[in-house]
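Novice: Before I ask anything, here is the structure I am working with.
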């Protein structure tokens, strides 16, 4: 039974790491897109 718990713990750790990576990628994309929109608005606005 402990082996099942260990397996679930490993899956949970991998899922947490993947979720954190996805979150940082989304945040970086929003900053880049928002920054680009701001620069274009300043240039053409």
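The values are calculated or read from the model by the stated rules, or taken from the named source; none is laboratory data. All of these numbers come straight from a predicted model, not from anything done at the bench. With ideal geometry, Cβ positions are generated from the backbone for all residues, glycine too; neighbour counts draw on all protein chains shown.
Novice: If residue 33 satisfies every condition in (1) at pLDDT below 80; (2) surrounded by 10 or more Cβ atoms within 10 Å (Cβ to Cβ) but one, which is the exception?
Specialist: (1)
Novice: Could we say that residue 14 is at pLDDT 85 or above and surrounded by 10 or more Cβ atoms within 10 Å (Cβ to Cβ) here?
Specialist: Working: at pLDDT 85 or above: yes; surrounded by 10 or more Cβ atoms within 10 Å (Cβ to Cβ): yes.
When the stated conditions are applied, residue 14 passes them.
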